[in-house]
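So the structure is just underneath, and the comments pick up after that.
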Amino acid sequence: MMPPQPELKFSNLKIDIPRTGSISIDTVDIYAQLIPLLRGQFEASSVTLDHPALHLNLPGAAAKSRKPSSRKSEPAGRSFGDILVVAVNSDASVSTIKGEKRPINSQQERAEALAALESVDFVTIFTEPDPYKVISALQPDVLVKGGDWPIEKIIGRDVVEARGGKVVNVPFVEGQSTTGIIDKILQKYAKMGS
């Protein structure tokens, strides 16, 4: 007897599709197959991809993703489309970009924290230094990035705009960087003498 197939849950729709791995965290290859099925079954479905550069799960990452009138736990991508996919840099990718002391939290910890947000439908981890391959594979309708990135420099912009999609940068939350939090911890403990 085959075990029951997991049910994928979206904010306003439910559909049964066989999947491997975790309910919310999976590979780009799985999502590249799944997303066209969702688009075919639900004509209005639009896909948003967000790829925050998280090395530590930050309040600013969730805030960056919120629409102004939403609940605090609702990421920004949700306000731009029906399905929200968040792409997270692997540990190796973060180390390549930021140095050997990063990331602070492992890729699995960062992915699980994002997957726990109610409005995030899927999380994927990518190993490349940038998300271009993920964006090309998933072909999102909307690409979201923090406001510290000018639109013209957002990686994958060409892919999204070539298919008629849009690229959005949302306001950057000052003081919520990994470096800022590490500095704050070091200052507090230096004052305490331990």
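The values are calculated or read from the model by the stated rules, or taken from the named source; none is laboratory data. Bear in mind that the values here come from a model prediction, so they are computed numbers and not experimental data. No Cβ is skipped: glycine too gets one built from the backbone with ideal geometry, and neighbour counts run over all protein chains shown.
Details
- Residue within region 59-78 that is modelled with pLDDT under 80, within 22 Å of R163 (Cα to Cα) and out of contact with any helix residue (DSSP H, G or I) (no Cβ under 8 Å at 6 or more places or on another chain) present: yes
Residue-by-condition table, conditions (1) at pLDDT 90 or above; (2) in a loop (DSSP other than H, G, I, E, B):
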{"residue": "K101", "(1), (2)": "no, yes"}
{"residue": "T124", "(1), (2)": "no, no"}
{"residue": "I135", "(1), (2)": "yes, no"}
{"residue": "P140", "(1), (2)": "yes, yes"}
{"residue": "V144", "(1), (2)": "yes, no"}
{"residue": "V168", "(1), (2)": "yes, no"}
{"residue": "E174", "(1), (2)": "no, yes"}
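- Number of the condition not met by E118 [criteria: (1) at pLDDT 90 or above; (2) in contact with a Ser or Thr (Cβ under 8 Å, 6 or more places away or on another chain)]: (1)
- For the residues G99, G156, G147, the requirement of being in contact with an Asp or Glu (Cβ under 9 Å, 6 or more places away or on another chain) and either more than 19 Å from T27 (Cβ to Cβ) or not aliphatic (A, V, I, L, M) (or both) singles out G156.
- Among (1) touching a strand residue (DSSP E or B) at 6+ places or on another chain (Cβ under 7 Å); (2) without any contact (Cβ under 8 Å) to a residue 40 or more places away in the chain - the single one T127 does not satisfy: (1)
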